[in-house]
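The values are calculated or read from the model by the stated rules, or taken from the named source; none is laboratory data. What you are looking at is a predicted structure, and each value in this text was computed from that prediction instead of being measured. Cβ placement follows ideal geometry from the backbone for every residue including glycine, while neighbour counts extend to all protein chains displayed. We work out accessible area using only protein heavy atoms, side chains counted, and drop any ligands, DNA or RNA first. Shrake-Rupley method; radii C 1.70, N 1.55, O 1.52, S 1.80 Å.
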Amino acid sequence: LWAFVQPMVTILIYIFIFQFGFRVMDTPNGYPYALWLIAGIIPWFFFSEGIINATNCLMEYSYLVKKVVFKISVLPLVKILSALFVHLFFIAFAIFIYIIMGKTPIVQMAQLGYYTICAICLITAIAYFTCSIVPFFRDFGTIINILMQVGMWACPIMWDMSTFKMPAKVEFLLKLNPLYYVVQGYRDSFMDGIWFFERPKMTIYFWVVTLIIGVIGFTVFRRLRVHFSDVL
């Protein structure tokens, strides 16, 4: 229950602060700020919850890690799958909110499945690396929590990059974040009506970076796995 309640309350707080407090009304694409925020924050919640929970999974299930017969490589996937169920609910919730606010669902929403798969692959690639480090460096979990707070603003989730006049180099660096591709993809699907194959460079870049992170993450996990039971 709390997995559903906490994100919904967070969304309502942000909408109240930015739309009614700071008077951020319509975005450049003509959609209300509330809808623009919902489209971007839903994949962020999935990413954040998946990374944080999967990072700490070996510590949480240390009694299973110490069992020789248990395949511990499934533990990060269990946490990611758990976050996925909540994520699917919020996708349906977002579509419902769009309909209530008079925005007819567009055909590009069909590609939400593709971008969800992108998010799963990125989370999995990162999670296998982070969960491998935590048993040896317990404070790494706290560092991940701090990075999640920074990442929410750097992605960006709360503000539209096109409305701020920032140096081209800074904007380029922000777009190097692979999660930017996923967040922008959700907004393309909900509002802008842009297919993922209309962004070929971003698509290729995302999958190349995710593949590299995945290879590093799985390699580190495989090499450190034999030591997990000794340090937990």
Checklist entry - Can residue 32 be described as over 28 Å from residue 127 (Cβ atoms), modelled with pLDDT of 75 or more and open to solvent by less than 70 Å² (accessible area, probe 1.4 Å)? => result yes
Checklist entry - Checking residue 180 against (1) over 15 Å from the mean Cα position of the chain (by Cα); (2) surrounded by 16 or more Cβ atoms within 10 Å (Cβ to Cβ), which test does it fail? => result (1)
Checklist entry - Looking only at segment 133-173, which residues are free of Cβ contacts under 8 Å to residues at least 12 places away in the same chain, within 20 Å of residue 123 (Cα to Cα) and aliphatic (A, V, I, L, M)? => result 143, 146, 147, 150
Next on the checklist: Can you find a residue that is in contact with a Gly (Cβ under 8 Å, 6 or more places away or on another chain) and over 22 Å from residue 212 (Cα atoms) anywhere in segment 117-136?
Outcome noted: no
Item to check | Wholly within segment 55-122, helices (runs of 4 or more DSSP H) carrying at least 1 residues that are more than 26 Å from residue 225 (Cα to Cα) and open to solvent by less than 20 Å² (accessible area, probe 1.4 Å) | outcome: 75-100
Next on the checklist: Filter segment 136-184 down to the residues that are touching a Leu at 6+ places or on another chain (Cβ under 8 Å), more than 20 Å from residue 38 (Cβ to Cβ) and either modelled with pLDDT under 90 or assigned to a helix (DSSP H, G or I) (or both) and list them by number.
Outcome noted: 178
